[in-house]
């Protein structure tokens, strides 16, 4: 059956809602902006409120007989070659939890790359799934993790044959990609599903020069954040399904367990409109973004002290299998400053926001929304940063562990440690104790400490020195990291 990607069911239904002049005596209480605070209306504009209607009993009738959302999801699935697509207005943080719950249950094993986002760890805590951690491929020179290899998953399945499936993150926030076809083949040889956390890869299906994406590689479920590299609104997420290892009814049931009963039609509209934009013009838009990124990368290379990481840096034996060039990861250690200092300086002095920061890098992502004017401002700001760098020195030292020192023993299940008896102890006495909390440098949001792990001195020194250098640790129970929450000794 022919699919018409010029249609946008959610947007069309919203337009119909307004043309008919429907009058609501149901939520939301602002009633098409009329009741909203005037100061809020001035800042946000009435369009935000006009798009904020009930999904059922508003956008569609009370029995959803217009199939507005279903039709929009079917179009999205077709655009990325999936069998089924589900929209989420709670971000990929919810979507990945729903995917995990559809594959494994309490005390069942799931293979998980240790470079997973904190939302995956939250899913482990909520579900009681037992993680079998798969080591990333560590770049010891750059102190950076890349997605695990298919061989690592193969070995883990051999050791844990009862594992219900696997989860891998690709691309990473740094743009590093796994060989998803190879990982999928490892899973399917055992008739278990592969989940791909593809939050940073919404754009991948729409240009041949970009790395392959999960559905193209045969993966069973993939989770995608449309707001990261696409043009949806924040919290707009989709998860795609194909094959018969996970049924759509089961995945839908798990999503319903976690999702809101009051979804935002604004977010649905953003997802629907982005799909139409990409289906009709994606190759052209992404092609232009790739060309622009090539120009920007070349220009940054001419700035003293800066280097844009490329395939030669990230890909090769023991490293990533492919690279998305659009995240624009810029190494600045030659400037003698940290990424934290650079990000703060760019925001304060040049009104430029970067998308990730660590002890030696910043990220300046390029999307289809950029043009020569926006990247011109970026380049001018980066040149100014290079000139200002001597004034920011000396950089605070971050005691980054060796890759072998980053991994800690998983002494208890994440859920058991998180919800069990716990106490706060000084960080100086925390080594050797089992942590009862998650501690995550953010961005990019990959936990350095997980509930149930036995703490070590190198990791604690890394976090303390990182915090002193400007690292953001938003989920630590003690934001100053003077103390840390650990499992009580009698419960270890």
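Only residues that are more than 20 Å from residue 117 (Cα to Cα) and in a loop (DSSP other than H, G, I, E, B): list them for the stretch 479-492, please. If you could, list the steps in order and put the result at the bottom.
In the first step, residues of the stretch 479-492 are kept if they are more than 20 Å from residue 117 (Cα to Cα); the result is 480-492.
Residues satisfying the conditions are 480, 481, 482, 488, 492.
I'd like to check which strands (runs of 3 or more DSSP E) are fully inside the stretch 111-217 and have at least 3 residues that are within 23 Å of residue 98 (Cα to Cα) and touching a helix residue (DSSP H, G or I) at 6+ places or on another chain (Cβ under 8 Å). Steps first, please.
Working: elements: 130-134, 137-139, 144-146, 166-169, 194-197.
Hits in the stretch 111-217: 130-134, 166-169, 194-197.
In this structure, does residue 232 turn out to be assigned to a loop (DSSP other than H, G, I, E, B), within 25 Å of residue 93 (Cβ to Cβ) and either out of contact with any strand residue (DSSP E or B) (no Cβ under 7 Å at 6 or more places or on another chain) or assigned by TED's automatic domain parsing to the domain that holds residue 89 (or both)? Break it down into steps so the answer makes sense when it comes.
Details: assigned to a loop (DSSP other than H, G, I, E, B): yes; within 25 Å of residue 93 (Cβ to Cβ): yes; either out of contact with any strand residue (DSSP E or B) (no Cβ under 7 Å at 6 or more places or on another chain) or assigned by TED's automatic domain parsing to the domain that holds residue 89 (or both): yes.
Answer is yes for this residue.
If you go through the stretch 282-303 one residue at a time, do you hit one that is outside the structural domain of residue 144 (by TED's automatic domain parsing) and part of a loop (DSSP other than H, G, I, E, B)?
yes
I'd like the full set of residues that are closer than 25 Å to residue 312 by Cα, assigned to a loop (DSSP other than H, G, I, E, B) and touching a helix residue (DSSP H, G or I) at 6+ places or on another chain (Cβ under 6 Å), limited to the stretch 337-358.
337, 338, 354, 358
Residue by residue, here is whether (1) buried (at least 24 other Cβ atoms within 10 Å of the Cβ); (2) in contact with a strand residue (DSSP E or B) (Cβ under 8 Å, 6 or more places away or on another chain); (3) not assigned by TED's automatic domain parsing to the domain that holds residue 112 holds:
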position	(1), (2), (3)
154	no, no, no
167	yes, yes, no
176	yes, yes, no
180	yes, yes, no
183	yes, yes, no
188	no, yes, no
191	no, no, no
213	yes, yes, no
225	yes, yes, no
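Taking the condition surrounded by fewer than 22 Cβ atoms within 10 Å (Cβ to Cβ), over 16 Å from residue 120 (Cα atoms) and at pLDDT 95 or above, does residue 219 pass? It would help to see each step written out before you state the result.
On the way: surrounded by fewer than 22 Cβ atoms within 10 Å (Cβ to Cβ): no; over 16 Å from residue 120 (Cα atoms): yes; at pLDDT 95 or above: yes.
So residue 219 fails the test.
Show me the helices (runs of 4 or more DSSP H) entirely contained within the stretch 359-439 in which 3 or more residues are crowded, with 18+ Cβ neighbours inside 10 Å, touching a residue at least 40 places away in the same chain (Cβ under 8 Å) and more than 24 Å from the chain's Cα centre (by Cα). Lay out the reasoning, then the answer.
Values: elements: 372-392, 403-406, 414-419.
Those helices (runs of 4 or more DSSP H) span 372-392.
Residue 476 versus (1) surrounded by fewer than 16 Cβ atoms within 10 Å (Cβ to Cβ); (2) in a loop (DSSP other than H, G, I, E, B): which is the lone unmet condition?
(1)
Grab the helices (runs of 4 or more DSSP H) fully contained in the stretch 1-62, keeping just those with 3 or more residues being under 19 Å from residue 263 (Cβ atoms) and in contact with a helix residue (DSSP H, G or I) (Cβ under 9 Å, 6 or more places away or on another chain). Walk me through how you get there before you give the answer.
On the way: elements: 9-19, 38-44, 46-50.
The helices (runs of 4 or more DSSP H) meeting that bar are 9-19, 46-50.
Yes or no, residue by residue, for (1) closer than 19 Å to residue 353 by Cα; (2) surrounded by fewer than 18 Cβ atoms within 10 Å (Cβ to Cβ):
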{"site": "268", "(1), (2)": "no, no"}
{"site": "278", "(1), (2)": "no, no"}
{"site": "282", "(1), (2)": "no, no"}
{"site": "292", "(1), (2)": "yes, no"}
{"site": "298", "(1), (2)": "no, yes"}
{"site": "308", "(1), (2)": "yes, no"}
{"site": "319", "(1), (2)": "no, no"}
{"site": "329", "(1), (2)": "yes, no"}
{"site": "337", "(1), (2)": "yes, no"}
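The values are calculated or read from the model by the stated rules, or taken from the named source; none is laboratory data. Everything quoted here is computed from the prediction, not taken from an experiment. So basically every Cβ, Gly included, is an ideal-geometry build from the backbone, and we count neighbours across all protein chains shown.
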